[in-house]
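Structure first, commentary second.
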Amino acid sequence: MSIPTQQRTINRETGCSGIGLHSGKTVHLTLKPAPVNHGIKFVRKDLPDDPVIPARFNRVVDTSLATVIGSDGVIVSTIEHLMACLAGLSIDNIIVELDSYEVPVMDGSAGPFTSMILAAGIREQDASRHFFVLEEPIELEQDGKFVGAYPDTTFKISCNIEFEHPLIRKQSCSIEVVDCIFEREISSARTFGFLHEVEYMKQYGLARGGSLDNAVVIDKNQILNKGGLRYRDEFVRHKLLDCIGDFSLLGMPILGHIVTSKSGHAFNHAFLEKFFRKKTSWQTKTLHNSSDPLHKTVKSLAI
Ligand SMILES: [Zn+2]
């Protein structure tokens, strides 16, 4: 198994339509190939002058219900599942055009985005990928929540969740985000919510687009979706998907092991700020050949 060492984009334009989870509005999403070192940028095509918002942690303006990025009063909401898909497929450069403020929720997972991108094809570009390479651990702990990042020769992520609910309790999942592992093990895990929370949010005009078509909904002791779960531990797999999306907001892939426990978007974001402040704990490097031992292949970059 290996991590791509060259930057990647998609082969051709692709897109889809769906509804926004919170707005309930139909939105069209178009993905376009982008040149090297462009990164991932969202474009609001419904607004004058097509404002652009880079998908970076320093553009995050809200994490209460979804990850929202913004710039000069223009926002794009609920980016996390698309971001997870792009990171999971090692896409570095892409233009994401939207005709509304929210990314379509699709089926509540990253599966539809993943299938769409794989159908369009992935193209390797003529430039090396830049990685954050951990040199020493970085940890953040507060109120029983924990996130840590540790040196490793690949990108690994491990999540633990714990809910006082008979259908969830404690679950943990650990993967190496390489090759087709994301597509196979994580991309189809759907977001989930408890019935009383969904009813509460709808009462206040939130989650207008939320339904059993785009979320696993859990009552006191049963899953309300007719088809049940897609994975036995779909809940923790979705948390892991969310984490991959949140950590991709660093703007470059990580070479290291991320460990989270009872974390969510807000706490992941607090960790990203600490990560970026601790500049002595990591370096940015390119890898010439991921199959070689890391210490022989890294080349330092100035940032
Ligand atoms: Zn999610």
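Cα-Cα over 30 Å: which of K45/K226; K41/K239; K156/K220; K32/K262; K145/K226; K202/K278? Please list the in-between numbers first.
Numbers: K45/K226 37 Å; K41/K239 24 Å; K156/K220 34 Å; K32/K262 35 Å; K145/K226 33 Å; K202/K278 40 Å.
Pairs exceeding the cut-off: K45/K226; K156/K220; K32/K262; K145/K226; K202/K278.
Find how much the distance from H38 to V52 grows on full extension, using 0.36 nm per residue of separation minus their present alpha carbon separation; answer in nm with one decimal. Numbers along the way, then the final one.
On the way: separation 14, 0.36 × 14 = 5.04 nm, distance 1.21 nm.
Length difference between fully extended and current span is 3.8 nm.
Which of rounded, prolate, oblate describes region 17-143, given a ≥ b ≥ c as roots of the alpha-carbon gyration tensor eigenvalues and a/c under 1.5 marking rounded, otherwise prolate only if a/b is larger than b/c?
Details: a/c = 1.45, a/b = 1.14, b/c = 1.27.
Taking the square roots of the gyration eigenvalues as a ≥ b ≥ c, region 17-143 is rounded.
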Relative contact order computed over the chain (Cα-Cα under 8 Å; 6+ residues apart), in percent: 25
Highest-first arrangement of 266-273, 163-170, where packing means the average Cβ count within 10 Å: 266-273, 163-170
With every protein chain in place, region 1-85: carbon and sulfur % of accessible area (1.4 Å): 47
Cα Rg, Dmax, region 14-83, angstrom units: 12.2, 35
Computed [θ] at 222 nm, deg cm²/dmol, the chain (DSSP H ≥ 4; -39,500 (n - 2.57); rounded to nearest 500): -5500 deg cm²/dmol
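The values are calculated or read from the model by the stated rules, or taken from the named source; none is laboratory data. Only a predicted model underlies this, so the values are computations on that prediction, with no experimental measurement involved. Here the Cβ is made from the backbone with ideal geometry for all residues, glycine too, and neighbour counts use every protein chain on show. These accessible areas exclude ligands, DNA and RNA; they are computed on the full protein's heavy atoms, side chains included. Shrake-Rupley method; radii C 1.70, N 1.55, O 1.52, S 1.80 Å.
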